[in-house]
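Below: one structure, written as structure tokens.
The values are calculated or read from the model by the stated rules, or taken from the named source; none is laboratory data. The structure displayed is predicted, hence computed values, not measured ones. Because the Cβ atoms are built from the backbone with ideal geometry, glycine has one as well, and the counts that use them run over all protein chains shown.
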Amino acid sequence: MNPTDKVQIGKTNLQVTRMGMGGAALGGLYREVADADAVAAVAAAVRLGINHFDAAPLYGHGLSERRMGEALRNLPRASFVLSTKVGRVLLPAKTGEVESFWFDHPAPFEPMFDFSYDGVMCSFEDSLKRLGLERVDILYIHDPDDHYDEALLGAYPALARLRSDRVVSAIGAGMNQAEMLARFAREGDFDCFLLAGRYTLIDHSGLAELMPLCVEKKISIVIGGPYNSGILAGGALSGAKFDYKAAPPEVVERVRKVEEVARRHGVPLKAAALQFPLAHPAVASVIPGARSAAEVEENFRLMSVAIPADFWQELRSEQFLPKEAPVPEL
């Protein structure tokens, strides 16, 4: 699979590479990342021919956007497709130190949910300042799990206005669940969704409803979290993370069995995790995170690994993959 092949986002003119780069790790997800390492990671992706990058105000409380912007802003603007998100505004922290469940040493800001029209416009302007850019290409509503009505009535009209004014080229929502994205698909006019962790080698909850709906409506899906927060990168090890927390025993056991199949066929687990989602016609791109140039280069190499059909067939026969889930072809 060629990671630099390009596909269209929805019905827009945007073309993204099949492999992109997620920006959560650049914000210090789980452990701190130095500025120089973060910028070098983005530079490595650019050097390899990757053109698709994703950030968010939440990631490192602004760090990811600032670092992504530093790495990209001096490149020809048409050479990359950049997404960020709205739904959280960053307020200056009242103290010098900020506690975060996800991010190690975040910037001194407190993220606060705000899916109102004005809140979205304010968040977007702040993002442009951190990025040092005049525009982004894709704008997502971020994690509106408990705020659906406000997101549909406030954030969505704001995004639609920005798209109508050609300030952004595509709009969508980014979530760790498929059910609400399906609601957005039915009730709004969206170009793409960022689905994190819900269509992976071990979690297929996006398959039954969301994926066929997006094919029908020509809404592209970008797959975030293809390693399910780490367990599909490191394997079934003690302390492995799944869905941003310690993996439960049943998930560890499932991954262990998938690893056994992978070993029998000589397939790196990470390669299978990266390539599997891209076989679905709704999926445009997969955006694994990386905190160093070496991790970007590894992801790129794994995307190109040839995976035999017998591997996918055994996963199906052992019921680790649904029979209706498309699999990559050699």
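Values as computed for the structure displayed
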quantity: Members of region 1-37 found to be of a type outside the set (D, E), free of Cβ contacts under 8 Å to residues at least 40 places away in the same chain and assigned to a loop (DSSP other than H, G, I, E, B), listed by number; calculated: A34
quantity: Qualifying residue in region 44-59 (condition: under 20 Å from S292 (Cβ atoms) and surrounded by fewer than 16 Cβ atoms within 10 Å (Cβ to Cβ)); calculated: yes
quantity: Conditions (1) more than 27 Å from V39 (Cβ to Cβ); (2) buried (at least 16 other Cβ atoms within 10 Å of the Cβ); (3) at pLDDT 95 or above: number failed by D243; calculated: (3)
quantity: Test: S205 is assigned to a helix (DSSP H, G or I), polar (S, T, N, Q) and under 29 Å from S100 (Cα atoms); calculated: no
quantity: Identity of the residue in region 100-137, of a type in the set (S, T, N, Q) and either assigned to a helix (DSSP H, G or I) or within 23 Å of the chain's Cα centre (by Cα) (or both), that ends up surrounded by the most Cβ atoms within 10 Å (Cβ to Cβ); calculated: S123
quantity: Sole exception among (1) of a type outside the set (A, V, I, L, M); (2) out of contact with any His (no Cβ under 9 Å at 6 or more places or on another chain); (3) touching a residue at least 40 places away in the same chain (Cβ under 8 Å) for P322, by number; calculated: (2)
quantity: Residue in region 100-120 that is of a type in the set (A, V, I, L, M), within 26 Å of H52 (Cα to Cα) and in contact with an Asp or Glu (Cβ under 8 Å, 6 or more places away or on another chain) present; calculated: yes
quantity: Which numbered condition K218 fails, given (1) at pLDDT 95 or above; (2) at negative phi; (3) loosely packed, with under 15 Cβ neighbours inside 10 Å; calculated: (2)
quantity: Within region 239-275, tally of residues that are in contact with a Ser or Thr (Cβ under 7 Å, 6 or more places away or on another chain) and not in a strand (DSSP E or B); calculated: 3
quantity: Close pairs (7 angstrom Cβ cut-off, 6 or more residues apart or separate chains): without any contact (Cβ under 8 Å) to a residue 60 or more places away in the chain and at negative phi in region 235-261, of a type in the set (S, T, Y) and buried (at least 16 other Cβ atoms within 10 Å of the Cβ) anywhere; calculated: F242/S229
quantity: Selected residue [in contact with a Lys or Arg (Cβ under 9 Å, 6 or more places away or on another chain) and more than 21 Å from I171 (Cβ to Cβ)] from L237, L232, L213; calculated: L232
quantity: Region 81-99: number of residues that are in contact with a strand residue (DSSP E or B) (Cβ under 9 Å, 6 or more places away or on another chain), outside any strand (DSSP E or B) and either buried (at least 24 other Cβ atoms within 10 Å of the Cβ) or polar (S, T, N, Q) (or both); calculated: 1
quantity: Test: T84 is in contact with a Leu (Cβ under 9 Å, 6 or more places away or on another chain) and of a type in the set (S, T, Y); calculated: yes
quantity: Residue within region 248-270 that is surrounded by 22 or more Cβ atoms within 10 Å (Cβ to Cβ) and closer than 18 Å to Y30 by Cα present; calculated: no
quantity: Identity of the residue in region 231-278, under 24 Å from the mean Cα position of the chain (by Cα) and among the acidic types (D, E), that ends up farthest from G197 (Cα to Cα); calculated: E259
quantity: Matching option when the condition is closer than 28 Å to S64 by Cβ, touching a helix residue (DSSP H, G or I) at 6+ places or on another chain (Cβ under 7 Å) and in a helix (DSSP H, G or I), among I231, I223; calculated: I231
